Amino acid sequence: MAINHETWAFVFGLLGNVISFMVFLAPLPTFYQIYKKKSTEEFQSLPYVVALFSSMLWIYYALVKKDASLLLITINSFGCVIETIYLAIFLIYAPSKTRLWTIKLLLMLNVFGFGAMLLSTLYLTTGSKRLTVIGWICLVFNISVFAAPLCIIKRVIKTKSVEFMPFSLSFFLTINAVMWFFYGLLLKDYYVALPNTLGFLFSIIQMVLYLIYRNAKTPDLPMKLQELNSHTIDVGKLSRMEPSEPNHVTKNGTLTEREI
């Protein structure tokens, strides 16, 4: 019996949920270190703020879309919970200046920014136009998130060091992007599929660079590089952005962490 597109989309979405779940948990070693040392040291809060915002966007998109959106809601709901926990821990142990900066960023992006987008789409758009506007917002935002690894790639080439660009993370981000790409493609949801093409491309580049420079002798690098790669995620990762530990995921399928 032939399997229809909806069934295959569910399979890819389910696998995307599993992999995105692991990507969302990737920063756990970082926060264990923060808890143990009672200090955020050089870690940044930006990747976690961005990952939380991305998950909020995808949940809103899925709620408006309604059809075949359950898998987007499940993984991004988990993303919202885990990123909120990360940020709560970060705020507890961050120095006052960093804590204030993080609170301002949260208010600007996750409260006022998301609130303005929510109200404008609710009251200025209707029906399919509302979904289109929200979809484009999600697409553009996640493309910018997936582009974050460019700074990591540049640094790796310059320093010939892959210390904070683990192969395992790049591998799982690649698989994650593939799952969510096919999920979006099979459902003809290009707002989900298109950003993950970039996520796949950048993850492949990172793995190639790792293979090239893995045996090179390298100088010590700032821990903050570790943050940028982990949360590049996509939605549904989502995404998340990128390294942060040994290194948001996105889902949305991107990422993707030390302090500014």
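The values are calculated or read from the model by the stated rules, or taken from the named source; none is laboratory data. This is a predicted model, so every value here is computed, not measured. Quick reminder, even Gly has a Cβ in these numbers, built from the backbone with ideal geometry, and neighbours come from all protein chains shown. These accessible areas exclude ligands, DNA and RNA; they are computed on the full protein's heavy atoms, side chains included. Shrake-Rupley method; radii C 1.70, N 1.55, O 1.52, S 1.80 Å.
Brief remarks follow.
- The criterion of being open to solvent by 50 Å² or more (accessible area, probe 1.4 Å) and outside any helix (DSSP H, G or I) holds for residue 68.
- Residue 103 in contact with a strand residue (DSSP E or B) (Cβ under 8 Å, 6 or more places away or on another chain) and either modelled with pLDDT of 95 or more or open to solvent by less than 40 Å² (accessible area, probe 1.4 Å) (or both): no
- When region 86-99 is filtered for residues that are open to solvent by less than 80 Å² (accessible area, probe 1.4 Å) and not hydroxyl-bearing (Ser, Thr, Tyr), the ones remaining, listed by number, are 87, 88, 89, 90, 91, 94, 95, 99.
- Single residue of region 19-45 satisfying the filter (of a type in the set (Ser, Thr, Tyr) and open to solvent by 90 Å² or more (accessible area, probe 1.4 Å)) that is farthest from residue 96 (Cα to Cα): 32
- Which listed residue, of 183, 190, is open to solvent by 20 Å² or more (accessible area, probe 1.4 Å), at pLDDT 50 or above and hydroxyl-bearing (Ser, Thr, Tyr): 190
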